Amino acid sequence: MREKIRSFIEKNLTVFEDETEFSDSDNIFELGIVNSLFAMKLLNFVESEFNITVSNDEIEIANFSSVDKMMQLIEKKRLGAANVTSR
Amino acid sequence: MKENGIKCIVWDLDDTIWNGVLLESQQLRLKPQITDIIKELDGRGILHSIASKNNYELAMQKLEQFAIADYFLFPEINWNAKSISIAKIQKNLNIGMDSIMFVDDQQFEIEEVKSSHPGVTCINATEYRNFLTRDQLKPRFITEDSKRRRLLYLAERTRQLEEENYQGPKEEFMAGLNMKFMIAPASEEDLKRAEELTVRTNQLNSTGLTYDYDELDRFRKSDDHLLLICELTDRFGSYGKIGLALIEISMKSWNIKLLLMSCRVISRGVGTVLLTYIMQQAQKAGKKLFADFRKTDRNRMMYLAYKFSNFKETQTKENDIRLANDLSYIPEFPPYIDIVTHNRL
């Protein structure tokens, strides 16, 4: 899952350098390596790839700013879904 | 809006554009007045294309001889079913099926297209003489942007080809485009296009509310409103007027009543340039910044743009959302775009 997110970000970087280093906790928006179009693509990617629906109040830059944050959001959503089905 | 305004006419060739059959005859003659009719519609911003079962090279040669080849975008001249040709044209132009008109002299072809694409308006070739007076072919306004619509598509086609063939990183390609993003208060000449933008733009549109010419003109002249319009150009030419913002100004705050950006430029990463500019200006003027948002089934992208620009929801009443921004974080403009503004704010 982590790898999928990383590789999606890498594919959509808007930088000149061939190699850009970013860690799982780096804020990708503050690094200036992605643009507004990317934000839109990212939301679509997260929803379709991990089969979740992000609600309006979860559409916050804080939930998408790094690989770690996205992992947290996806896991939280999946846990929520599991709880509902196990009831 | 008027039902089914036509954006593109797809023409057959034999016995439709000209009298006779290309592969059987050397004596083809254009139908009377057809060139004038095509030119006039082109000037109204209505595009033309071709779906013809013919030899591509011969047909294009003939169109060149008749000096009308340039008017047709994405011609489909081959032996495919016409429903397939029309689907390709529709995809290339990125318009709705219900905004296409198909003209052919053969009832068989018309039935074939109708059965696959019920939304397409199908017309028998004999009726071309009344095209100039058909309601579906009379746009409410003819704007600078509609007059040059075909050229905008051609420029876009050249861009796409270059982009596909470009070997380096995407960002480098974007930088090489020399994009200029111009932001200015709307002038009177911009109002028709501004109205058209409120009607035609759905995805990157903060409220989906449409405003007509007179309303926009009042906002433009009023002291407590600011109506901004944007144009994007690059080395291939202009993308046209592609963005609009309506801001309500009070003593202490600015409220963005409407923000929209044409889908034409989404792929250029300029979706939030206008919003960033408004944030900068509000900060300079020492005003608080608010925005109205109305949820539609298509504008989630705009919601995302606001939220990622650090707007917070402060009030929600069903689909109407009020957003506020404390301006503590203002994103930067993309480095590959030159921002040109009139600092008359």
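Check the straight Cα-Cα distances from B:K82 and name the lysines below 19 Å, setting aside those fewer than 8 residues away within the same chain.
B:K7, B:K53, B:K91, B:K114
Do you know the relative contact order of chain B, to the nearest whole percent, from alpha carbon pairs under 8 angstrom that are 6+ apart? Write out the running numbers ahead of the final one.
On the way: 598 pairs, mean separation 47.1, N = 345.
Relative contact order here is 14 percent.
Would you grab the residues whose amide H sits under 5 Å from the one on B:C122? Only those 5+ places off in sequence or on another chain, please, with H modelled 1.01 Å from N.
B:F102
Once ligands and nucleic acids are excluded and a 1.4 Å probe is used, how much of B:D212 is accessible, expressed in Å² to the nearest 10?
About 60 Å², rounded to the nearest 10.
Taking B:K252 as the anchor, which aspartates and glutamates have their alpha carbon closer than 16 Å to its alpha carbon, excluding any fewer than eight residues away along the same chain?
Partners found: B:D223, B:D224, B:D326.
Which value in deg cm²/dmol, rounded to the nearest 500, describes the helix-derived mean residue ellipticity at 222 nm for the protein assembly as shown, given -39,500 (n - 2.57) per DSSP H run of n ≥ 4 and division by the residue count? Can you show the working numbers first?
Numbers: 15 runs with 158 residues, N = 432.
About -11000 deg cm²/dmol.
Summed for both chains, how many Å² of accessible area, to the nearest 100, are buried between A and B with a 1.4 Å probe?
On the way: alone 5850 and 17230 Å², together 21170 Å².
Rounded to the nearest hundred, the buried surface is 1900 Å².
Relative to the first principal axis of the alpha-carbon coordinates of chain B, what is the inclination of helix B:34-43, with its axis defined by its Cα atoms, in degrees from 0 to 90 and to the nearest 10?
Rounded to the nearest ten degrees, it is 10.
Within the accessible area of chain B, what % is carbon and sulfur when the probe is 1.4 Å and the other protein chains stay in place?
Working: 7610 of 16280 Å².
The computed percentage sits at 47.
Using +1 at the C-beta of Lys and Arg and -1 at the C-beta of Asp and Glu, which of B:L227, B:L58, B:L132 has the Cα lying farthest in the positive direction of the dipole of the protein assembly as shown?
Among B:L227, B:L58, B:L132, the one farthest towards the positive end of the dipole of the protein assembly as shown is B:L227.
Using a simple charge model, +1 on the beta-carbon of Lys and Arg, -1 on the beta-carbon of Asp and Glu, nothing else, what dipole does region B:8-137 show about its Cα centre, in debye to the nearest 20?
Here the size comes out at about 200 debye.
At a Cα cut-off below 28 Å, give the lysines reachable from A:K69, other chains included and same-chain residues fewer than 8 away excluded.
Candidates past the 8-residue exclusion: A:K4, A:K11, A:K41, A:K77, B:K170, B:K295, B:K307, B:K312.
Pairing the Cα long axis of helix B:107-116 with the longest principal axis of chain B, what angle in degrees results, from 0 to 90 and rounded to the nearest 10?
Compared with the principal axis, the helix lies near 30 degrees.
Return one whole number: the accessible area per residue of the protein assembly as shown in Å², for a 1.4 Å probe.
Details: 21170 Å² over 432 residues.
On a per-residue basis, 49 Å².
In chain B, which longest range has no GluC sites (Glu not before Pro) that are both DSSP loop (not H, G, I, E or B) and surrounded by at most 13 other Cβ atoms within 10 Å? Kindly include the intermediate steps, with their values, before the conclusion.
Details: sites that count: B:E3, B:E24, B:E318, B:E332.
Formally, the longest exposed-site-free interval is B:25-317.
For B:T207, enumerate residues with amide H under 5 Å from its amide H, sequence gap 5+ or separate chain, H modeled in the peptide plane.
The list, which skips near neighbours in sequence, is B:L259, B:R294.
Taking K and R as +1 and D and E as -1, what net charge do the other residues with C-beta under 12 Å from the C-beta of B:A59 add up to?
On the way: positive: B:K53, B:K62; negative: B:D12, B:D14, B:E57, B:E64, B:E76.
That sum, taken over residues with Cβ under 12 Å, equals -3.
Taking accessible area as the heavy-atom solvent-accessible surface of the protein chains with a 1.4 Å probe, which residues of region A:34-80 lose no less than 40 Å² upon going from the isolated chain to the full protein assembly?
The answer is A:N35, A:S36, A:L37, A:M40, A:N56, A:I59, A:E60, A:I61.
The values are calculated or read from the model by the stated rules, or taken from the named source; none is laboratory data. Owing to the predicted nature of the structure, the values given are computational and were not obtained by experimental measurement. As a convention, Cβ positions derive from the backbone with ideal geometry for all residues, glycine included, and neighbour counts pool all protein chains shown. Heavy atoms of the whole protein, side chains included, go into the accessibility calculation; ligands, DNA and RNA do not. Shrake-Rupley method; radii C 1.70, N 1.55, O 1.52, S 1.80 Å.
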